[in-house]
Amino acid sequence: MGEMPVFRAGLQQVLEQANALTDPMTGEPRVAYSFRHYFATVPIQKGLSVAHIADWLGTSSAMVERHYNRFLVQRNAHLYTGYADRPPTFIDELTGDEPIFRLPS
């Protein structure tokens, strides 16, 4: 049997070329697992069900809710702020320039 391939160096090069070595929200270095996090947060922000997201990730709804609760709360914040008729517009978290979402003006 052969050895497991190591993708760390190649991933590092891709992240350098994309100027995306660190997460702008946390300041932590990006790793391969960062892609899973991104894959989970995008459908949350788009309003997809936690059950579907959990199924795609191969985990439970409870685990998704526990790890991504902040995004779930933000997704529904407009319901509590009096903007129920104006759902939030989500901003790409990779830019780091703006909050995760903002209410339409």
**Report entry** FRET efficiency, 1/(1 + (r/R0)^6) with R0 41 Å, evaluated for Glu3 and Thr26 via beta carbons
**Finding:** 0.85
Report task. Working with all protein chains in place, sort Phe35, Phe71, Phe7 by solvent-accessible area computed with a 1.4 Å probe, largest first. Result -> Phe7, Phe35, Phe71
Report task. Determine how large the accessible area of Tyr38 is when every protein chain is in place; take a 1.4 Å probe and give Å² rounded to the nearest 10. Result -> 90 Å²
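Tell me the carbon and sulfur percent of the accessible area for the stretch 1-75, rounded to whole percent, probe radius 1.4 Å.
Numbers: 3190 of 5530 Å².
Its accessible area is 58 percent carbon and sulfur atoms.
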Query raised in the report: Shape call for the stretch 1-75 from the C-alpha gyration tensor, a ≥ b ≥ c root eigenvalues: rounded (a/c under 1.5), prolate (a/b greater than b/c) or oblate?
Result: oblate
Query raised in the report: Can you pull the accessible area of Val42 for me, 1.4 Å probe, Å² to the nearest 10?
Result: 40 Å²
**Report entry** Counted charge near Leu21, where neighbours are those whose Cβ lies closer than 14 Å (Asp, Glu -1; Lys, Arg +1)
**Finding:** -1
Report summary line: Probe 1.4 Å, all chains present, heavy atoms only: Leu11 accessible area in Å², nearest 10, is 40 Å²
Report summary line: Subtracting the Cα-Cα distance of Val73 and Ser61 from 0.36 nm times their residue separation yields 2.8 nm
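The values are calculated or read from the model by the stated rules, or taken from the named source; none is laboratory data. Just so it is clear, the model here is predicted, and its values are computed rather than measured. Don't worry about glycine lacking a Cβ; one is built from the backbone with ideal geometry, like all the others, and counts go over all protein chains shown. When the accessible area is computed, the model is the full protein with side chains, heavy atoms only, and any ligands, DNA or RNA have been set aside. Shrake-Rupley method; radii C 1.70, N 1.55, O 1.52, S 1.80 Å.
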